[in-house]
Amino acid sequence: MTAAAEAIIKGPRQLREKRRRNARPKAQPMMSGLFLAIVCVAMLAPFIWTLLSVTKPTDVAFANPPVLAYEPTAQAFVDLWQTTNFYQYLINTGIVAVGSTIVALVIGLPAAYALARAPGYVSAILLILALVFRSLPRFAVVLPMYELSRQLGIHDTTFALGAALVAINQPFSIWLLRNFFVKLPEQIDEAAMIDGCSRFQALRRVIIPMMGPGILTAGVFMFLFAFQEYLTPLILTDTKAQTVPLFIATQLGQTLPMLQQAGAAAILLTGLVVLFAFIAQKYLVAGLSDGAGK
Amino acid sequence: MRRREYWILILPSIFVMFGLLLIPIYRTIEWSLKDVNYGEAGTFVGLDNYVRALTDPRFGSSVLFTVGLTLSVMVVVIVLGYILAVLVNNLGKMRPLVLGIILISYVIPNVVGATMFSWLFDGNFGGVANVVIGWFTDHDVLWFTETWPNRIMVGLNIVWAMLPFSMLILLAGLQGVPREIIEAAKIDGAGTMGRHLHIILPSIRGMVGFVAIITIMDVLRVFDNLIPLAPNAVLNGNETIALYTYNMAFQDGGQELGLGSVINVLTILIMLVMLIPFIRNTMKEAKSA
């Protein structure tokens with residue numbers, strides 16, 4: 001599975017080697033190279049501009065037309081750390097993302113295994129329900145959750161937000177994990193059970209360890225989805241359990257120096273996510289291209 | 001697998017999905033038939049909310065805007081995604097770097113990406129977009145207060161956010177097209193355009209369809225991107241269906257919770273219709289296995 005992802009990231013071997021032999025550039029590759037360069041700049045432009053804006057001293061940061069010659073400063077980052085609860089929001093985001101990913105895996109793995117190994121009408125109906133749940137309008141479930149969390153007195157807690165995300169991401173995770181289990185031959189289960197394992201022991205000791213890359217892939221996506229979420233924390237949190245994306249969005253209506261802090265927060269968050277994506281790139285690409293395989 | 005084992009394995013997941021998804025949906029349907037607010041029992045009003053929603057011109061224009069946005073973004077994302085996938089597929093050593101750069105906008109939160117995107121156009125942040133446009137014309141574009149410039153900016157942002165997904169899926173598709181077929185077409189005298197239109201595209205049509213359906217579903221529920229990009233959405237007529245729902249059912253204490261719930265119910269019905277081919281596939285797969 002990850003071998004296919006590697007091929008997508010690095011490209012076929014012949015291509016890499018052929019290039020080395022005839023390195024003379026032609027007109028067409030020049031044109032496509034230029035086009036790709038423009039696309040890359042356009043994709044990066046928002047990050048570059050934000051980075052410039054937040055490293056400018058406050059008096060020129062919002063000048064129009066923009067000032068490009070300036071002495072870079074990290075003041076916005078210092079202010080972000082000292083005058084706002086940014087680190088608290090970062091901790092909230094981390095707790096919710098990690099917690100909901102782990103719980104979703106613990107609940108989703110056995111279910112996905114059962115769905116893969118015991119096809120039939122019950123499994124088919126559950127998979128269809130999961131498909132429907134996955135494409136629901138978010139407000140249709142989050143607004144009732146808002147009412148429920150107020151009634152239970154858990155509104156604005158990381159617990160309520162995490163529980164909501166476990167449920168919201170459950171359909172996606174059982175589908176993804178089920179597709180990985182299906183690829184694992186059933187003989188492995190049988191061999192383990194002949195050797196004296198019960199069904200649950202076989203799952204825990206033999207099958208789940210063999211599913212390593214699949215579990216990592218599902219985990220990477222659930223973590224990313226929870227980290228990216230804006231709508232759910234917007235409804236289910238207030239001030240205490242706020243997450244970073246929500247914090248950045250609520251800073252928008254504020255005064256200009258606070259906008260610079262929001263920009264600093266955006267840059268920090270982007271840095272973190274890109275670092276995570278870089279480490280997990282194989283699993284990200286594997287999960288994405290596997291989803292298309294259906 | 002024994003029946004008892006099956007249910008033990010599957011029950012926690014069912015419990016979560018039914019308790020935290022199905023019951024809320026039931027509540028939404030109930031709300032759609034009532035004059036109600038959060039925490040209240042409310043009074044039953046029949047289909048009154050449905051009539052009001054379907055005759056509200058603001059809802060009508062939000063449907064039109066959302067559908068138009070979805071279709072135009074889908075076309076751009078597929079065409080541009082395909083071109084990019086082909087170009088990236090021909091790259092050698094630069095490939096991982098270019099791929100990495102293009103994927104950044106996919107992994108960051110939508111609302112954060114849209115915030116940074118909006119600053120490219122924001123006069124308060126130096127208005128880079130207008131500086132660039134100023135090189136060609138004298139026209140000063142009001143990106144946030146004029147309807148069409150705002151629409152274009154929102155569309156560009158969604159393309160920016162969805163392009164990586166489309167490109168990556170199509171790239172995975174291109175990887176699966178056997179080189180022999182392309183070589184054979186070359187020998188038979190097919191030109192570049194002919195090869196793409198008659199050989200490569202038909203063999204990855206499954207991938208193109210997948211990108212189309214995911215793009216449609218994602219753009220139909222666009223919400224996050226509009227918070228930073230369209231602060232005047234209601235005034236400009238640039239409200240999406242999801243934003244309309246939010247404004248009705250949650251903003252200012254959710255005075256129109258019933259009306260907002262109607263939109264949720266209608267959206268669920270539309271999604272169900274769109275899912276029919278996938279539901280049929282799943283049924284078939286489950287039967288044959």
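Selection of first residues in region B:206-225 that are over 16 Å from B:GLY173 (Cα atoms) and of second residues that are of a type in the set (Phe, Trp, Tyr), restricted to Cβ pairs under 6 Å at least 6 apart or on distinct chains, gives the following pairs, ordered by first then second residue: B:ASP224/A:TYR230. Of all residue pairs spaced 6 or more apart or on separate chains, those with beta-carbon atoms under 7 Å, a first member in region A:241-254 that is more than 10 Å from chain B (Cβ to nearest Cβ) and a second member that is β-branched (Val, Ile, Thr) are A:ALA241/A:THR157; A:ALA241/A:THR158. Restricting region B:248-269 to residues that are free of Cβ contacts under 8 Å to residues at least 24 places away in the same chain and surrounded by fewer than 14 Cβ atoms within 10 Å (Cβ to Cβ), the residue that is farthest from A:ILE125 (Cα to Cα) is B:ASP252.
The condition of being more than 11 Å from chain B (Cβ to nearest Cβ) and over 30 Å from B:GLY209 (Cβ atoms) holds for only one of A:ILE267, A:ILE279, A:ILE215, that being A:ILE279.
If the condition is being more than 7 Å from chain B (Cβ to nearest Cβ) and either of a type in the set (A, V, I, L, M) or within 20 Å of A:LEU269 (Cα to Cα) (or both), then region A:35-58 contributes A:ALA37, A:ILE38, A:VAL41, A:ALA42, A:ILE48, A:LEU51, A:LEU52, A:VAL54, A:THR55, A:LYS56. The combined condition, being in a helix (DSSP H, G or I), free of Cβ contacts under 8 Å to residues at least 60 places away in the same chain and either more than 11 Å from chain B (Cβ to nearest Cβ) or not hydroxyl-bearing (Ser, Thr, Tyr) (or both), is not fulfilled by A:ILE95.
Within region B:98-109, can one find any residue that is crowded, with 21+ Cβ neighbours inside 10 Å, over 24 Å from the mean Cα position of the chain (by Cα) and of a type outside the set (Asp, Glu)? Checked against the condition, which is being crowded, with 21+ Cβ neighbours inside 10 Å, over 24 Å from the mean Cα position of the chain (by Cα) and of a type outside the set (Asp, Glu), region B:98-109 yields no hits at all. Within the span defined as region A:116-124, one or more residues are touching a helix residue (DSSP H, G or I) at 6+ places or on another chain (Cβ under 6 Å), surrounded by fewer than 19 Cβ atoms within 10 Å (Cβ to Cβ) and either within 7 Å of chain B (Cβ to nearest Cβ) or of a type outside the set (Phe, Trp, Tyr) (or both).
Here the helices (runs of 4 or more DSSP H) wholly within region B:1-67 that include at least 2 residues being under 17 Å from B:LEU269 (Cα atoms) and either within 13 Å of chain A (Cβ to nearest Cβ) or within 30 Å of the chain's Cα centre (by Cα) (or both) are B:23-32, B:48-55. Return a yes/no flag: does region A:245-253 have any residue that is under 19 Å from the mean Cα position of the chain (by Cα) and closer than 15 Å to A:PRO110 by Cα. No, because not a single residue in region A:245-253 is under 19 Å from the mean Cα position of the chain (by Cα) and closer than 15 Å to A:PRO110 by Cα. Annotation note: of A:GLU147, A:GLU186, the sole residue that is in the same structural domain as A:GLU229 (by TED's automatic domain parsing), closer than 26 Å to A:ILE207 by Cα and among the acidic types (Asp, Glu) is A:GLU186. Only one entry of B:TRP143, B:TRP160 meets the criterion of being closer than 25 Å to B:ILE104 by Cβ, at the interface with chain A (Cβ under 10 Å from one of its Cβ atoms) and touching a residue at least 12 places away in the same chain (Cβ under 8 Å), and that entry is B:TRP160. Within region B:130-154, if we keep just the residues that are assigned to a helix (DSSP H, G or I) and buried (at least 18 other Cβ atoms within 10 Å of the Cβ), the residue that is farthest from the chain's Cα centre (by Cα) turns out to be B:ASN130. When restricted to residues that are at positive phi and outside any helix (DSSP H, G or I), region B:249-264 contains 1. Taking the criterion of being over 30 Å from B:VAL208 (Cβ atoms), of a type in the set (A, V, I, L, M) and surrounded by fewer than 15 Cβ atoms within 10 Å (Cβ to Cβ), the residues of region B:45-78 that qualify are B:LEU47, B:VAL51, B:LEU54.
The values are calculated or read from the model by the stated rules, or taken from the named source; none is laboratory data. Here the structure is a predicted model, which means the values were calculated and not measured. Because the Cβ atoms are built from the backbone with ideal geometry, glycine has one as well, and the counts that use them run over all protein chains shown.
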